[in-house]
Every structure is written in structure tokens, then in C-alpha cells.
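Working notes, beginning with the structure itself.
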Amino acid sequence: MDARTVLVLNGPNLNLLGEREPELYGRETLADVERLCVTAADRHGLGVDFRQSNHEGTLVDWVQEGRAGIAGIVLNAAGYTHTSVALRDALAACRVPRVEVHISDIHAREDFRRHSYLADVCDHHVVGHGVAGYAEAVDWLAGRAGGA
Ligand code: DHK
């Protein structure tokens, strides 16, 4: 990873995108989301490092890995959004811009989804725009990184 890299991190169950609750998350797969991110980044002369894990500690390791020297982090922490102090602390230690993304509108669902432990340690939020929100997040980071 280098200063032109956007690190896109996906949390638990997002590996099942496309088959999991399609009425909420749509029919596109995580591979489709990766293609969206790569296309958006490419327009700005940026590259994408795209990852998914079901494991909180792995996501913490990856946030730490991207904490400096890259264009920024796009994170959909999925269920850990609403539970993880550890991910919050890792994001707080970052010196790069961070964008929180959610495919669905977490503010219009169950009460327990309304609170994000990550919201106030991220610089920008894209919520409820479907998978297109990932491309919006990459575009926003490109603006911060001085992308083309
Ligand atoms: C994805 C999940 O898996 C949920 O746990 C979050 C988020 C919402 C999304 O909308 O992308 O609550």
C-alpha cells in the first residue's frame, strides 16, 4: 500500500452479499462491490486494496496497517459498527481520512443499529445509498487525497 491506495474493509457477513437479505442489501455480490471501488478509484488515479473478514481482530489489524501513508480507509464494519470499541480505538489512532459506509440506512432500522461506535472517529459517512455508497466514499477520499 502507498499514498495512492484506498483500503476498503468489509466486516462480518458481507462475504454473503447478494444472497443475504437481498431486500436490505441488494443482489450485488462483494466481487461486484470491489469492481465498483476499483472503477471509482481508477477515475482518480488511485488503487484499491479490498478485504473482508468476519473477525474483529483481523479488522483491527487491517485498520492499524492502513493508519498512515495511504489515501484513506473505507470501512463497512457491518455488525461490529454497533459493538466494537476495539475498532473505534483503532480508527481513532489513524492519521489518514476514514469513511464509514453502510449499504442500508442504519437509522431507519432496528434501534440497536442506530448507534455507531465508529461514527465520530470517521471523517465522512455514506449511509443507505446501497452498494453505490462505496464508490461515493472512494470519490470523497479522492477529493481529500488530491486525486485527478
Ligand atoms: C451491514 C450489516 O451487516 C449490519 O450489521 C449493519 C450494514 C448495517 C450495512 O447496511 O451495510 O447494521
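Observations
- Net charge of neighbours whose Cβ lies under 15 Å from the Cβ of ALA108, counting Lys and Arg as +1 and Asp and Glu as -1: -2
- Volume of the Cα convex hull of region 62-148, divided per residue and given in Å³: 82 Å³
- Whole-Å semi-axes of the ellipsoid equivalent to the chain (Cα gyration tensor, √5λ, descending): 21, 18, 13
- Overall, the ratio between the Cα radius of gyration of region 1-88 and 2.2 N^0.38 Å, rounded to two decimals, is 1.10.
- Across the chain, the longest piece that holds none of the GluC sites (Glu not before Pro) lying in DSSP loops with up to 16 other C-beta atoms within 10 Å covers 20-109.
- Top of VAL85, VAL131, VAL101 by mean-square fluctuation, Gaussian network on the chain, Cα under 10 Å: VAL85
- ALA68 versus ASP32: modelled label distance in nm, points set 7 Å from Cα along the beta carbon direction: 4.0 nm
- Label-point gap, in nm, between ARG20 and ARG113 - each point 7 angstrom along Cα→Cβ: 1.2 nm
- C-alpha center-to-center spacing [region 34-73, region 90-121] in angstrom: 16 Å
- Distant-in-sequence amide contacts of PHE50, defined by a placed amide H-H separation under 5 Å and a gap of 5 or more residues or a different chain, comprise VAL8.
- Sorted on the mean count of surrounding Cβ atoms within 10 Å across their residues, most packed first, peptides 102-108, 114-120 read 102-108, 114-120.
- FRET efficiency, ARG4 to ALA93 (Cβ-Cβ, R0 30 Å, nearest 0.05): 0.85
Here, each number is a calculation from the coordinates, and none is a lab measurement. Every value quoted in this text rests on a predicted model; they were computed, and no experiment measured them. Counting neighbours? That spans all protein chains shown, and the Cβs are built from the backbone with ideal geometry, glycine included.
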